[in-house]
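Shown next, in structure tokens, is the structure this report addresses.
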Amino acid sequence: MSDTTPIALAVIGGTGLYKLAGLDDAEAVSHATPYGEPSGAARVGSFKGHRVAFLARHGEGHTVAPHRINYRANLWLLHELGVKRVLAVNAVGGITERYGPRAVGVPDQLIDYTDGRLSSYCDAPGAEVRHIDFGEPYTASLRRAILAAAAQAGVEAVDGGTYGTTQGPRLETRAEVARMRRDGCDLVGMTGMPEAALARELGMEYACVALVANWAAGCGPTPDVEITMDEVFANLAAATATVPLLLEGL
Ligand code: HPA
């Protein structure tokens with residue numbers, strides 16, 4: 001790439017966020033990694049005078065399902081670009097009261113319910129086996145910076161909560177969500193893991209902005225009502241509008 005200024009931050013966009021508003025003069029960086037193909041090109045450009053990278057987790061046309069995302073290749077591509085800080089934007093369902101539709105959350109814990117995803121760089125043949133500390137899965141200083149940016153921008157953000165990551169792509173049964181609630185989950189989504197752990201393996205700072213698209217199955221004031229994609233996308237569009245405001249503060 002022509003510009004060698006370090007990238008201040010990378011944004012990984014989830015469902016509903018395929019392009020970063022305000023990212024100017026973006027150059028597409030796209031290539032295979034030792035772990036295979038990323039979801040698409042990383043767009044590296046200027047956001048309010050800072051070099052920022054953006055990658056659409058599901059691909060820019062939302063063609064990659066959560067369980068098929070090559071999380072290792074995505075993180076590796078950003079790592080190769082020199083990215084040290086990642087803001088992960090994830091669409092989620094809300095389980096507990098503070099996390100109703102359109103809420104913007106900055107969770108502080110994770111539970112991984114996924115199955116069969118390639119979730120470590122350690123399983124490449126001959127790779128050194130490392131046991132990363134993951135007691136606090138998100139980078140505390142980056143979480144604080146996001147919360148401060150939200151306060152500055154007048155965005156109401158929910159501080160803390162546990163994000164349970166399910167396999168998808170189907171939504172959960174009510175019994176599954178009831179179990180997650182008993183486990184202590186506040187949010188449910190399909191893409192929180194293994195992304196956070198891979199970022200930690202690569203030594204990147206990483207925090208999540210969780211955008212609540214719907215009440216999770218069996219939750220909220222009308223627990224018997226079916227979750228519709230119209231509702232999901234309308235709520236996501238509203239919550240996604242806060243992302244550039246948060247970035248400005250960061
Ligand atoms: N469950 C899992 N993932 C989601 C949901 C949900 O209810 N809403 C948005 N992403």
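The values are calculated or read from the model by the stated rules, or taken from the named source; none is laboratory data. All values reported here derive from a predicted model rather than from experimental measurement. Reconstructed Cβ throughout: ideal geometry from the backbone, glycine too, with neighbour counts over all protein chains shown. To get the accessible areas, we keep the full protein, side chains included, count just its heavy atoms, and leave off ligands, DNA and RNA. Shrake-Rupley method; radii C 1.70, N 1.55, O 1.52, S 1.80 Å.
Dividing the convex hull volume of the alpha-carbon atoms in the chain by its residue count gives 119 Å³ per residue. Using a Förster distance of 35 Å, how high is the FRET efficiency between residue 115 and residue 5, based on the Cβ-Cβ distance and rounded to 0.05? In this case the efficiency is close to 0.30. DSSP finds beta bridges in the chain, and of those with both partners inside it, around 35 percent are antiparallel. Counting only protein heavy atoms and using a 1.4 Å probe, what share of the accessible area of the chain belongs to carbon plus sulfur, as a whole percent? Percent of accessible area from carbon and sulfur atoms in the chain: 50. 3J(HN,Hα) couplings calculated from phi for segment 163-170 with the Karplus curve 6.51 cos²θ - 1.76 cosθ + 1.60 (θ = phi - 60°) are, in sequence order, 9, x, 9, 9, 6, x, x, 6 Hz; Gly and Pro show x.
Once a ≥ b ≥ c are taken as the square roots of the eigenvalues of the Cα gyration tensor of segment 195-250, is the result rounded (a/c under 1.5), prolate (a/b larger than b/c) or oblate (a/b not larger than b/c)? Oblate. Note on segment 1-103: antiparallel DSSP beta bridges, both residues inside, total approximately 55 percent of the bridges counted.
With one equal scatterer per alpha carbon and no solvent term, the Debye-computed log10 I(q)/I(0) for segment 83-206 at 0.12 1/Å reads -0.48.
The solvent-accessible area of residue 112, taken with every protein chain present and a 1.4 Å probe, is close to 70 Å². The alpha carbons of segment 1-103 occupy a box of 47, 32, 23 Å along the principal axes, longest dimension given first.
The phi-based Karplus calculation (6.51 cos²θ - 1.76 cosθ + 1.60; θ = phi - 60°) puts the 3J(HN,Hα) values of segment 31-38 at 6, 5, 10, x, 9, x, 7, x Hz, whole numbers, x for Gly and Pro. Work out which GluC sites (Glu not before Pro) in the chain are exposed loop sites (DSSP not H, G, I, E or B, at most 11 other Cβ within 10 Å) and give the longest gap free of them. It works out to 1-96. Below 13 angstrom from the Cβ of residue 44, what's the summed charge of the other residues (Lys, Arg +1; Asp, Glu -1)? With Lys, Arg at +1 and Asp, Glu at -1, the net is -3. You can think of it this way: the chain between residue 21 and residue 234 has 74.9 nm of extra reach, that is 0.36 nm per residue less the Cα-Cα gap.
For segment 128-244, the per residue solvent-accessible surface stands at 45 Å², with DNA, RNA and ligands left out and a 1.4 Å probe.
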